[in-house]
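Here's the structure, in structure tokens; my notes come after.
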Amino acid sequence: MPTPVILDCDPGYDDVFAIWLAAAHPSVDLRAITTVAGNGAIEHTALNARIACTVAGVRGVPIARGAAGPLAQELAPADWIHGANALGGVELPDVAMSLDDRDAVALIADVLRTADELVTIAATGPLTNVAHLVQRHPDLLDRIERIVWMGGSTGRGNVSPYAEFNASTDPEAVAIVLGSGVALTMVGLNITHQALITREVRARIRGIDTATARFGADLLERFCSTYDAFGDMPDGPLHDPLTIAMIVDPTVATTVRARVDIELRGEHTRGATAVDLLELTHRPKNATVALELDVDRYWALIESAVAALR
Ligand code: BDR
Ligand code: CA
């Protein structure tokens, strides 16, 4: 049986590939796509999710708009990486579907309430929508199998020395989710920086030569050029689809159980995840943390998904 999945995202170049992998993989039953402000303002991320589906011919999955900003601070979009509209520098089609009437949290709640099985939430942006769900619908949390979140890091950050963008955009939301008791898998920068979009990967995806592949190759080239300019990484990392890859193929990454906390106050470390890999704090383990990527397996999943779409 395919795993029922809700994808909460902030597209964003790499989120688009998470949408495509979730829509195309036979082991995923994609029940909803919900959007959150992060890489761009909510108007852009909600539009970009529909663009991702339009390009790839994904139909019939409800797409909802969620939180316009973090719980306790102003949104600071990642426009230096993703551009002013969060999919900068590529030609965008008109969208072929409208937004769901419900907001993101209402849609997630409806999916959880009506599903016959437990539902997995893949989150590839700030955890704002998921935190609102925890606060508004505590009665539905036992309907969640687990949350697989791209965010945080066991080591370095990408917006400050220790803080990763999704964690740093809404640290209070991370604290609420960590405290919710729902099983959490953290897919942090420490592993997504192993998923480098090399020249060979870009060429293979362009070579698939479908509408989805050509659009995807344009996104990847743009992503790599902004990572080169701002992150000194000419082969940028394809972060977000690793959440879906881990749902469909647990062998794509090694994991460890660990204590994860989020720094809310540090002068230089607000938004950093403290991942106690060495069990120094003796505090209860509250997360599964992804560590080592099977790079070839990962790209095989991505390329098959792109090839399966139109
Ligand atoms: C994360 O931040 C966003 O810019 C990407 O889409 C990814 O979710 C990486 O830090
Ligand atoms: Ca993202």
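The values are calculated or read from the model by the stated rules, or taken from the named source; none is laboratory data. No experiment lies behind these values; they were computed from the predicted model shown. Don't worry about glycine lacking a Cβ; one is built from the backbone with ideal geometry, like all the others, and counts go over all protein chains shown. Heavy atoms of the whole protein, side chains included, go into the accessibility calculation; ligands, DNA and RNA do not. Shrake-Rupley method; radii C 1.70, N 1.55, O 1.52, S 1.80 Å.
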Matching helices (runs of 4 or more DSSP H) fully within segment 41-117 where at least 2 residues are free of Cβ contacts under 8 Å to residues at least 24 places away in the same chain and open to solvent by 10 Å² or more (accessible area, probe 1.4 Å): 104-114
Looking only at segment 30-40, and only at residues there that are within 16 Å of ligand 2 (Cβ to nearest atom) and among the hydrophobic types (A, V, I, L, M, F, W, C), the one that is surrounded by the most Cβ atoms within 10 Å (Cβ to Cβ): 36
Subset of segment 11-29 [assigned to a helix (DSSP H, G or I) and either open to solvent by 10 Å² or more (accessible area, probe 1.4 Å) or among the small types (Gly, Ala, Ser) (or both)]: 18, 22, 23, 24
Segment 149-176: number of residues that are farther than 30 Å from residue 138 by Cβ and in contact with a Ser or Thr (Cβ under 9 Å, 6 or more places away or on another chain): 6
Test: residue in segment 122-136 that is part of a loop (DSSP other than H, G, I, E, B) and over 19 Å from the mean Cα position of the chain (by Cα): no
The one condition in (1) part of a helix (DSSP H, G or I); (2) open to solvent by 50 Å² or more (accessible area, probe 1.4 Å) that residue 212 fails to fulfil: (2)
Hey, residue 16 farther than 14 Å from residue 126 by Cα and out of contact with any Gly (no Cβ under 8 Å at 6 or more places or on another chain) or not: no
Subset tally (residues that are among the charged types (D, E, K, R) and surrounded by fewer than 16 Cβ atoms within 10 Å (Cβ to Cβ)) for segment 133-170: 4
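Within segment 30-39, which residues are touching a Leu at 6+ places or on another chain (Cβ under 7 Å) and part of a strand (DSSP E or B)?
30, 32, 33, 34
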Conditions (1) modelled with pLDDT of 95 or more; (2) more than 16 Å from ligand 2 (Cβ to nearest atom): number failed by residue 156: (1)
Test set (1) within 13 Å of ligand 2 (Cβ to nearest atom); (2) over 25 Å from residue 202 (Cα atoms); (3) of a type in the set (A, V, I, L, M, F, W, C) - residue 46 fails condition number: (1)
Matching strands (runs of 3 or more DSSP E) fully within segment 222-310 where at least 2 residues are touching a residue at least 40 places away in the same chain (Cβ under 8 Å) and open to solvent by 40 Å² or more (accessible area, probe 1.4 Å): 253-262, 287-293
